[in-house]
Amino acid sequence: MDFILDKKISVSELKEKINAFPKVDCFDEQEKECDACSGYGDVDFEFSHNGKDYESNQDCPVCDGSGVFNTVSKQPNGKKELDYNKFFGIGNSVFNVLRIEELLQVAETLKSDEITLVNQTQANKASLFKIKEVEVLLMPTICNDLSNVVQNVA
């Protein structure tokens, strides 16, 4: 992609915006063995038809063959995480906050103080960022409700 923009984004500003991003409660997950298949993930079926007996071994219909269930506690565990149902706007595009975290990870790995937006032609099209000599292409997300865009830069 051509470099048609030169919008500098400060890594510290992006970190501040991430820190101010809405957070949600975390819940503990526990893995419980399926009591229908005793954790094996498959069950034996037996049936008779016209005087003939049939047997079949298939995935357990209760746990879908996994052998376990994941249960989520009803009480929060006191930890918080970013609300991944909210979005981050950069220029004319909207991104999942996870993509912004990944962009920050690249900047931190390269020990860069800034990220440059070098190409962004239209909303919902790929945006090209440059961090030092590394080019990062990010796909935006489709956001039908702009009230879910809670942070903006550039």
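Exactly one residue out of ASP25, ASP64, ASP35 is touching a residue at least 40 places away in the same chain (Cβ under 8 Å) and surrounded by fewer than 17 Cβ atoms within 10 Å (Cβ to Cβ): that is ASP25.
Taken together, the residues in segment 125-142 that are of a type in the set (Lys, Arg) and touching a helix residue (DSSP H, G or I) at 6+ places or on another chain (Cβ under 7 Å) amount to 0. Scanning segment 67-108 for residues that are among the aromatic types (Phe, Trp, Tyr) and more than 30 Å from ILE142 (Cα to Cα) turns up just one, PHE69. If you go through segment 6-32 and keep only what is outside any strand (DSSP E or B), of a type outside the set (A, V, I, L, M, F, W, C) and over 17 Å from the mean Cα position of the chain (by Cα), you end up with ASP6, SER12, GLU13, LYS15, GLU16, LYS17, ASN19. Could you go through segment 72-82 and let me know if any residue there is β-branched (Val, Ile, Thr) and surrounded by 11 or more Cβ atoms within 10 Å (Cβ to Cβ). No, because not a single residue in segment 72-82 is β-branched (Val, Ile, Thr) and surrounded by 11 or more Cβ atoms within 10 Å (Cβ to Cβ). The requirement of being in a strand (DSSP E or B) and touching a residue at least 12 places away in the same chain (Cβ under 8 Å) is not satisfied by LYS125.
Checking the stated criteria, GLN58 turns out not to satisfy the condition of being over 22 Å from ASP28 (Cα atoms), free of Cβ contacts under 8 Å to residues at least 40 places away in the same chain, loosely packed, with under 14 Cβ neighbours inside 10 Å and under 16 Å from the mean Cα position of the chain (by Cα). If the condition is being assigned to a strand (DSSP E or B), at pLDDT 90 or above and more than 30 Å from PHE21 (Cβ to Cβ), then segment 57-81 contributes ASN57, GLN58, ASP59, VAL68.
The values are calculated or read from the model by the stated rules, or taken from the named source; none is laboratory data. Source: prediction; values computed, not measured. As a convention, Cβ positions derive from the backbone with ideal geometry for all residues, glycine included, and neighbour counts pool all protein chains shown.
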